[in-house]
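Asker: Below: one structure in structure tokens.
The values are calculated or read from the model by the stated rules, or taken from the named source; none is laboratory data. As the structure is a prediction and not an experimental result, all values here were calculated from the model. Every residue, glycine as well, gets a Cβ built from its backbone with ideal geometry; the counts of neighbours run over all protein chains shown. SASA here: full protein model, heavy atoms, side chains in, ligands and nucleic acids out. Shrake-Rupley method; radii C 1.70, N 1.55, O 1.52, S 1.80 Å.
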Amino acid sequence: MRVILMGAPGAGKGTQAERLVEALKIPHIATGDIFRAAVKEGTELGNKAKSYMDAGKLVPDEIVIGIVKERLMKPDCKQGFLLDGFPRTVSQAEALDENLKDRPIDYAVYIDADFDDLVERISGRRICSKCGKSYHVKFNPPDVRGVCDDDGGDLYQRDDDNEETAKERLEVYNEQTSPLIKYYEDKGLLKRVNGSQDPNGVYKEILNVLGVQEG
Ligand code: ADP
Ligand code: AMP
């Protein structure tokens, strides 16, 4: 199954992706995670991406598209994949279509959450420094404060989750990414789910629109 997970920053894409890829046995390709790993490692890609990420802007299309194309060529993507945070512009979506001519996307799942929820989720998000798992101080706290349940890694707040950058990211989303809702609707691929409910409810709705039985 080839799936795109769409939604504004903080909608819950990463949270749902983690469960979905385990259930569907497909790789999780999150461009934000790829960039954060590159920044952490101090690679050339990381250095290029960092200034855009810190400013809440999109990394230029030509950089992102190249990275995703390369990733989709890997053998583990033969049985399908889940894209999270890509595409984010119409040009990225068109490049993806072109790249996937012989194996098109099956579904574009749009997690639709209220604006107030997005702001609250972004401001309370905490990430494991070891595995990247996402927590929330109120909605999904770890068992021990500040520590990942899975591997004991320290939890940190993303640099771009501060109020000012988050506001910019939400504006960028509205301007550059939200047109993709119509793009996939016109192709008959869009599946809208209510993202303003608890994570279990969102997960059930997603499985339902994908036609997958739970369990
Ligand atoms: P995205 O990948 O879309 O930016 P995340 O999955 O990282 O969003 O979720 C943003 C924050 O909101 C995280 O702290 C996460 O734990 C929390 N969260 C995710 N889904 C829900 C939900 N349905 N209800 C409440 N909090 C949620
Ligand atoms: P995310 O983890 O999806 O919230 O992404 C974090 C940041 O990485 C974004 O604010 C962008 O700066 C950058 N980024 C991630 N995915 C893309 C993309 N598809 N196109 C451009 N920039 C991206």
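Asker: Within the range 1-56, which residues are within 12 Å of ligand 1 (Cβ to nearest atom), assigned to a helix (DSSP H, G or I), in contact with an Asp or Glu (Cβ under 8 Å, 6 or more places away or on another chain) and of a type in the set (A, V, I, L, M, F, W, C)?
Answerer: Within the range 1-56, just Ala17 meets the criteria.
Asker: For the range 113-159: of the residues being hydroxyl-bearing (Ser, Thr, Tyr) and more than 10 Å from ligand 1 (Cβ to nearest atom), which is nearest to Ala55 (Cα to Cα)?
Answerer: The qualifying residue nearest to Ala55 (Cα to Cα) is Tyr156.
Asker: If you check Ile67 against the conditions, is it at pLDDT 95 or above, more than 12 Å from ligand 1 (Cβ to nearest atom), among the aliphatic types (A, V, I, L, M) and assigned to a helix (DSSP H, G or I)?
Answerer: When the stated conditions are applied, Ile67 passes them.
Asker: Look at the range 168-198 and say how many of its residues are more than 23 Å from Asp106 (Cα to Cα), open to solvent by less than 70 Å² (accessible area, probe 1.4 Å) and more than 16 Å from ligand 2 (Cβ to nearest atom).
Answerer: The total comes to 2.
Asker: Being over 26 Å from Glu163 (Cβ atoms) and among the hydrophobic types (A, V, I, L, M, F, W, C) is the requirement here; does Ile34 meet it?
Answerer: Here the answer is no, as Ile34 does not meet what is asked.
Asker: Can you find, within the range 29-55, the residue that is farthest from the chain's Cα centre (by Cα) among those that are buried (at least 18 other Cβ atoms within 10 Å of the Cβ) and closer than 18 Å to Asp76 by Cα?
Answerer: Here the residue is Ile34.
Asker: So which of Val64, Val119, Val21 is in contact with a His (Cβ under 9 Å, 6 or more places away or on another chain) and either loosely packed, with under 15 Cβ neighbours inside 10 Å or at negative phi (or both)?
Answerer: Val21
Asker: So, Glu94, is that one at pLDDT below 95, under 30 Å from Lys204 (Cα atoms) and of a type in the set (Asp, Glu) or not?
Answerer: Judged against the criteria, Glu94 is not a match.
Asker: Next question. How about the range 125-146: which of its residues are open to solvent by less than 60 Å² (accessible area, probe 1.4 Å) and more than 16 Å from ligand 2 (Cβ to nearest atom)?
Answerer: Pro142, Gly146
Asker: In the range 75-102, how many residues are surrounded by fewer than 19 Cβ atoms within 10 Å (Cβ to Cβ) and in contact (Cβ under 8 Å) with a residue 12 or more places away in the chain?
Answerer: Count: 8.
Asker: Also: Suppose we filter the range 108-164 for residues that are touching a residue at least 60 places away in the same chain (Cβ under 8 Å) and assigned to a strand (DSSP E or B); how many remain?
Answerer: Going through the range 108-164 one residue at a time, the tally reaches 8.
Asker: Which condition does Glu70 not pass, out of (1) more than 10 Å from ligand 2 (Cβ to nearest atom); (2) more than 15 Å from Lys187 (Cα to Cα); (3) buried (at least 20 other Cβ atoms within 10 Å of the Cβ), if it passes all the others?
Answerer: Condition not satisfied by Glu70: (3).
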